[in-house]
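The values are calculated or read from the model by the stated rules, or taken from the named source; none is laboratory data. Predicted model, so just to flag it, every value in this text is computed and none were measured. When we count neighbours, we look across all protein chains shown, and the Cβ atoms used for this are built from the backbone with ideal geometry, even at glycine. Ligands, DNA and RNA are stripped out before the accessible areas are found, and what is left, the full protein with its side chains, is counted by its heavy atoms. Shrake-Rupley method; radii C 1.70, N 1.55, O 1.52, S 1.80 Å.
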Amino acid sequence: MRGGPSVLGIVLAGGEGKRLMPLTADRAKPAVTFGGTYRLVDFVLSNLVNGDILRNCVLTQYKSHSLDRHVTTTWRMSSLLGNYVTPVPAQQRLGPRWYLGSADAILQSLNLVHDEQPDYIAVFGADHVYRMDPRQMLQRHIESGAGVTVAGIRVPRAEASSFGIITPASDGTRIEQFLEKPTDPPGLPGDPRRVFASMGNYMFSTKTLVDALLQDAEDDNSVHDMGGSILPMLTERGVAQVYDFDENHVPGETPRDHGYWRDVGTLDTYYDAHMDLISDQPQFNLYNRRWPVYTHPGQLPPARFVAGGIAGESVVSAGCVIRGQVTRSVLSPGVIVEEGAVVQGSVLHDNVRIGRGAVVRGSILDKNVEVPPGATIGVNPERDRELYTMSRNGVIALGKGQLVL
């Protein structure tokens, strides 16, 4: 934002992602592949960069090698203009300990803030699928004079225990109460079956954030978490406000994908978000060229369909060779589906190979999984439950290079 307020982006990307196992057995959650060619971290970084927030630090911790490598090789900004996206590993700057929570992660990285001296700090999560123009949220934050603005989205009240829940005051903007993953929160006025869930995206005035972090660090009873500690503290001070995500509009959006946001923290939500990509008019449109999602495409030849191979209602990435039948699926680069093989309603990561005559249904196969000729996955649920990971809704997941029996 030349001539405007200076903003530093801090992306919280240290998530362990236990509920996404086995996809997170060998990588941090923000590094998990999504939509064929992307990593989850690409969505938040694309939103920040498209929204002219061009100096961004990605705070990492758990199993961060593939995430660090992806960020450093993909997200190369103009050094001439002083712009950057840089991974920042846990450094134990405040003693021999790792991060105690998301607030402590920022506290231990305050050197980044002191170096940049921004007017505002955008603290965004790294593992959600959505489009958002952060400039609109920033403008609302500046106009209000609030210490922190929290992006909120309406979700069914029954799902409240998975989110930080915002209770707005009578003016509709100031946050009256912030509850971290409550079991029985009050519904919204006029819409009692829904609540405002925090999207994990916060816009801070710099002094407000720094002061809150330093105060939180002195509290031995704190969990040192943004949602569990910092937001309730600032809510009590009366300096927190909510920004309704439904008011955010990005260039090129359609009525169907306006306001799309998915927390892909479980195998079921991760799978469902992929199924949102494949219809003729997808709920989340990857083809919006006016607000692109950036990634490193790799150097691969186009996808090839031979020997009668077909694919319908699917996303097929470069380097794939399809000799069998693929329907309602998402294929990452380098997938091979041999003759007579059938892939239905599945998500196949890089270099998965489906052998001749094999059948794969309702499954997520991580990188380098090889399904032998004639083998089946998703055909016999009782057998699959004994051999592989199965989600609550029956989605089967195999980890990176896992042996298929």
Next item on the list: May I ask you to verify whether Val343 is of a type in the set (Val, Ile, Thr), surrounded by 16 or more Cβ atoms within 10 Å (Cβ to Cβ) and modelled with pLDDT of 95 or more?
Entry: yes
Next item on the list: Starting from segment 229-258, take each residue that is open to solvent by 50 Å² or more (accessible area, probe 1.4 Å) and list its partners that are not small (Gly, Ala, Ser), counting only C-beta distances under 6 angstrom and pairs at least six apart or across chains.
Entry: Arg256/Gln281
Note to self: Quick check on segment 164-183. Is at least one of its residues at pLDDT below 95, part of a helix (DSSP H, G or I) and in contact with an Asp or Glu (Cβ under 6 Å, 6 or more places away or on another chain)?
What the structure shows: no
Next item on the list: Could you please find all residues in segment 61-79 being open to solvent by 70 Å² or more (accessible area, probe 1.4 Å) and either in contact with a helix residue (DSSP H, G or I) (Cβ under 8 Å, 6 or more places away or on another chain) or assigned to a loop (DSSP other than H, G, I, E, B) (or both)?
Entry: Tyr62, Lys63, Arg76
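When the residues of segment 135-155 are filtered to those that are without any contact (Cβ under 8 Å) to a residue 40 or more places away in the chain and either hydroxyl-bearing (Ser, Thr, Tyr) or over 16 Å from Phe245 (Cα atoms) (or both), which remaining residue is least open to solvent (accessible area, probe 1.4 Å)? Before the answer, list the steps.
At the first step, the residues of segment 135-155 found to be without any contact (Cβ under 8 Å) to a residue 40 or more places away in the chain are 139, 143, 145.
From what is left, the residues that are either hydroxyl-bearing (Ser, Thr, Tyr) or over 16 Å from Phe245 (Cα atoms) (or both) are 143, 145.
Working: Glu143: 128, Gly145: 66 Å².
Ranking the candidates gives Gly145 first.
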Notebook entry, point to check: For Asp220, which of the numbered conditions (1) open to solvent by less than 70 Å² (accessible area, probe 1.4 Å); (2) closer than 30 Å to Gly101 by Cα; (3) part of a loop (DSSP other than H, G, I, E, B); (4) modelled with pLDDT under 95 fails to hold?
Noted result: (1)
Note to self: With the structure loaded, tell me whether Ala158 is open to solvent by 10 Å² or more (accessible area, probe 1.4 Å) and out of contact with any strand residue (DSSP E or B) (no Cβ under 8 Å at 6 or more places or on another chain) or whether it fails that test.
What the structure shows: yes
Margin query: Quick check on Ser198: is it closer than 30 Å to Leu94 by Cβ, in contact with a strand residue (DSSP E or B) (Cβ under 9 Å, 6 or more places away or on another chain) and of a type in the set (S, T, N, Q)?
Written below: yes
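Kindly provide the set of residues from segment 291-311 that are touching a strand residue (DSSP E or B) at 6+ places or on another chain (Cβ under 8 Å) and open to solvent by less than 30 Å² (accessible area, probe 1.4 Å), ordered by number. I'd like the intermediate steps shown before the answer.
Residues of segment 291-311 that are touching a strand residue (DSSP E or B) at 6+ places or on another chain (Cβ under 8 Å), as a first pass: 293, 295, 303-306, 309-311.
Once the filter is applied, which keeps residues that are touching a strand residue (DSSP E or B) at 6+ places or on another chain (Cβ under 8 Å) and open to solvent by less than 30 Å² (accessible area, probe 1.4 Å), segment 291-311 yields Val293, Gly309.
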Item checked: segment 20-55, residues that are out of contact with any Lys or Arg (no Cβ under 9 Å at 6 or more places or on another chain), over 12 Å from Ala126 (Cα atoms) and either open to solvent by 10 Å² or more (accessible area, probe 1.4 Å) or not in a loop (DSSP other than H, G, I, E, B) (or both) -> Met21, Phe34, Thr37, Tyr38, Val49, Leu54, Arg55
Margin query: So Gly394 passes all but one of these: (1) buried (at least 17 other Cβ atoms within 10 Å of the Cβ); (2) modelled with pLDDT of 95 or more; (3) within 23 Å of Thr24 (Cα to Cα). Which condition number does it fail?
Written below: (1)
Check: How do the pairs read when you match residues in segment 369-391 that are closer than 15 Å to Leu348 by Cα with residues anywhere that are among the acidic types (Asp, Glu) and outside any loop (DSSP other than H, G, I, E, B), using Cβ under 7 Å and keeping only pairs 6 or more apart or on different chains?
Finding: Ile377/Asp384; Gly378/Asp384
Check: If you check Gly355 against the conditions, is it in contact with a strand residue (DSSP E or B) (Cβ under 9 Å, 6 or more places away or on another chain) and closer than 17 Å to Leu20 by Cα?
Finding: no
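Quick one: count up the residues across segment 177-217 that are of a type outside the set (A, V, I, L, M) and open to solvent by 70 Å² or more (accessible area, probe 1.4 Å). First the steps, then the outcome.
So in segment 177-217, the residues of a type outside the set (A, V, I, L, M) come out as 177-178, 180-187, 189-194, 196, 198, 200-202, 204-208, 211, 215-216.
Those still in the list that are open to solvent by 70 Å² or more (accessible area, probe 1.4 Å) too: 177, 180-181, 183-184, 186, 189-190, 192-194, 207, 215.
Residues meeting the conditions: 13.
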Notebook entry, point to check: From the residues in segment 357-368 that are among the charged types (D, E, K, R) and in contact (Cβ under 8 Å) with a residue 24 or more places away in the chain, which one is most open to solvent (accessible area, probe 1.4 Å)?
Noted result: Lys367
Checklist line | Considering residues of segment 78-131 that are out of contact with any Pro (no Cβ under 8 Å at 6 or more places or on another chain) and of a type in the set (Asp, Glu) only, the residue nearest to Ser66 (Cα to Cα) | finding: Asp104
Item checked: Number of the condition not met by Gly9 [criteria: (1) buried (at least 22 other Cβ atoms within 10 Å of the Cβ); (2) closer than 23 Å to Leu277 by Cβ] -> (2)
Note to self: Conditions first: (1) touching a strand residue (DSSP E or B) at 6+ places or on another chain (Cβ under 6 Å); (2) at pLDDT 95 or above; (3) not basic (Lys, Arg). Gly51 passes all but one, so which condition is the exception?
What the structure shows: (1)
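What number of residues within segment 377-388 are more than 29 Å from Pro297 (Cβ to Cβ) and crowded, with 18+ Cβ neighbours inside 10 Å? It would help to see each step written out before you state the result.
First pass over segment 377-388, keeping only residues more than 29 Å from Pro297 (Cβ to Cβ): 378-388.
Pick out the ones that are also crowded, with 18+ Cβ neighbours inside 10 Å and you get 378, 384, 388.
Residues that pass the stated criteria total 3.
If I go through segment 131-163 residue by residue, how many of them are aliphatic (A, V, I, L, M), over 26 Å from Phe284 (Cα atoms) and assigned to a loop (DSSP other than H, G, I, E, B)? Outline the logic, then answer.
Step one: list which residues in segment 131-163 are aliphatic (A, V, I, L, M), which gives 132, 137-138, 142, 146, 148, 150-151, 153, 155, 158, 160.
Cutting the leftovers down to over 26 Å from Phe284 (Cα atoms) gives us 142, 146, 148.
Of the ones still in play, those that are also assigned to a loop (DSSP other than H, G, I, E, B) are 146.
The number of residues fulfilling the criteria is 1.
Can you say whether Gly374 is on the phi > 0 side of the Ramachandran plot and open to solvent by less than 30 Å² (accessible area, probe 1.4 Å), as far as the supplied structure shows?
Working: on the phi > 0 side of the Ramachandran plot: yes; open to solvent by less than 30 Å² (accessible area, probe 1.4 Å): no.
Against the criterion (on the phi > 0 side of the Ramachandran plot and open to solvent by less than 30 Å² (accessible area, probe 1.4 Å)), Gly374 does not qualify.
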